[in-house]
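Peer 1: One structure follows; several queries about it will come next.
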Amino acid sequence: MATITFLGTAPGYPAANRNHSSFLLDAGEHKILVDAGESCSRTLIELGIEPVELDAIIITHCHSDHTSGLAMLIQSCWIVGRQRPLPIYLPQELIEPLKVWLDASYIGPNFIPFTLQFQPWEASDQFDICGFNVRVALTSHLESLVKRFGSGRFHPFSLAFKNPQFDFVASGDLGCPEDLLPHLQNGTDLLICELAHFSPSSLFNLLQKVRIKRLVLTHAAAEVLADIESMLTEARATLRDTEIIFAEDKLRIRL
Ligand SMILES: [Zn+2]
């Protein structure tokens, strides 16, 4: 039975009782971590899963609430003597700085006995990751930075996972709900969507036109966290055919 476990559900600013963005896709044979906000390593261990068990790490974009636990994950693998390569799917612009960061922490490619297989999202619009077809789409989350500093970097991604048994979409961070549309042409069994960068109403209105069997809301802005019940009441009134779940840390759902 495949599951998704939410390791962190906080927004970009730290929140009491919530870790930063990260979830574990456990597909039985394979364990894939999607985003690595702190403190994903500690939470994995709390759940009885060793970081060394990970088969691949996916980073949707470079903000620290999605990357800050990466170095500890790699250090955790090094300490217990990992030998097999660790694939890391990520934006191109993070690869070289990450190598420098890890080398400065004495756990970079020059120090550890296993290979970090960096795979930039920009290389393709879809990937085969541990038996999943993963389709990739750019979001407009970092558009203000593109306007300010120019194009060529600032690439955040949303992802659609598919295997013969199930499919789901993970929003990453968005600029607006319409960023999801490339993944939702035929609807999806499960949408994991952030709620930090647009009004919840705008998301629910957009999703009225799409088949979404289950919607898991996470990464909510502080004002949403302040009144979760009102937001859920609106969501359930607008999306009557969709099961709606608000993610807490360590929530586990079946696929
Ligand atoms: Zn974020």
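Peer 1: Can you name the residue in the stretch 1-24 that is buried (at least 23 other Cβ atoms within 10 Å of the Cβ) and under 16 Å from GLU50 (Cβ atoms) and is also nearest to the ligand (Cβ to nearest atom) among such residues?
Peer 2: The selected residue is SER22.
Peer 1: Same structure again: Quick one: which of ALA36, ALA10 is among the hydrophobic types (A, V, I, L, M, F, W, C) and over 15 Å from LEU251 (Cβ atoms)?
Peer 2: One residue alone meets the criteria, ALA36.
Peer 1: Quick check on my filter: what residues within the stretch 69-93 are among the small types (Gly, Ala, Ser) and surrounded by fewer than 19 Cβ atoms within 10 Å (Cβ to Cβ)?
Peer 2: GLY81
Peer 1: Give the residues of the stretch 180-196 that are under 13 Å from ILE212 (Cβ atoms), away from the ligand (no atom under 16 Å from the Cβ) and in contact with a Ser or Thr (Cβ under 9 Å, 6 or more places away or on another chain), sorted by residue number.
Peer 2: HIS183, LEU191, listed by residue number.
Peer 1: Please work out which residue is surrounded by the most Cβ atoms within 10 Å (Cβ to Cβ), limiting yourself to the stretch 166-175 and to residues that are within 16 Å of LEU217 (Cβ to Cβ) and within 16 Å of the ligand (Cβ to nearest atom). Walk me through it before giving the result.
Peer 2: Let us first name the residues in the stretch 166-175 that are within 16 Å of LEU217 (Cβ to Cβ), namely 168-174.
Still in the list and also within 16 Å of the ligand (Cβ to nearest atom): 170-174.
Numbers: ALA170: 25, SER171: 26, GLY172: 29, ASP173: 24, LEU174: 22.
Among them, the one singled out is GLY172.
Peer 1: Does the stretch 158-165 contain any residue that is part of a loop (DSSP other than H, G, I, E, B), without any contact (Cβ under 8 Å) to a residue 40 or more places away in the chain and of a type outside the set (Lys, Arg)?
Peer 2: Yes, because at least one residue in the stretch 158-165 is part of a loop (DSSP other than H, G, I, E, B), without any contact (Cβ under 8 Å) to a residue 40 or more places away in the chain and of a type outside the set (Lys, Arg).
Peer 1: Considering only residues that are over 18 Å from PRO177 (Cβ atoms) and not basic (Lys, Arg), which ones fall in the stretch 137-159?
Peer 2: Within the stretch 137-159, LEU145, VAL146, PHE149, GLY150, SER151, GLY152, PHE154, HIS155 qualify.
Peer 1: Sticking with this one: Check off (1) more than 25 Å from SER140 (Cα to Cα); (2) hydroxyl-bearing (Ser, Thr, Tyr); (3) under 20 Å from the mean Cα position of the chain (by Cα) for SER171 and give me the number that stays unchecked.
Peer 2: All conditions pass for SER171, except number (1).
Peer 1: Another question, then. Looking only at residues in the stretch 25-39 that are within 14 Å of the ligand (Cβ to nearest atom) and outside any strand (DSSP E or B), which one is surrounded by the fewest Cβ atoms within 10 Å (Cβ to Cβ)?
Peer 2: Our first condition is that a residue be within 14 Å of the ligand (Cβ to nearest atom); within the stretch 25-39, this holds for 34-38.
This time we only want the ones that are outside any strand (DSSP E or B), so: 35-38.
On the way: ASP35: 27, ALA36: 30, GLY37: 26, GLU38: 23.
Among residues in the stretch 25-39 that are within 14 Å of the ligand (Cβ to nearest atom) and outside any strand (DSSP E or B), the one surrounded by the fewest Cβ atoms within 10 Å (Cβ to Cβ) is GLU38.
Table: residues versus (1) away from the ligand (no atom under 16 Å from the Cβ); (2) over 24 Å from ARG252 (Cβ atoms); (3) modelled with pLDDT under 95; (4) of a type in the set (A, V, I, L, M).
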position: LEU47; (1), (2), (3), (4): yes, no, no, yes
position: VAL52; (1), (2), (3), (4): yes, no, no, yes
position: ILE57; (1), (2), (3), (4): yes, no, no, yes
position: LEU70; (1), (2), (3), (4): no, no, no, yes
position: LEU73; (1), (2), (3), (4): yes, no, no, yes
position: CYS77; (1), (2), (3), (4): yes, no, no, no
position: GLU96; (1), (2), (3), (4): yes, yes, no, no
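The values are calculated or read from the model by the stated rules, or taken from the named source; none is laboratory data. Bear in mind the structure is a predicted one, so any value in this text is a computation, not a measurement. Positions of Cβ are backbone-derived with ideal geometry, glycine not excepted, and every protein chain shown enters the neighbour counts.
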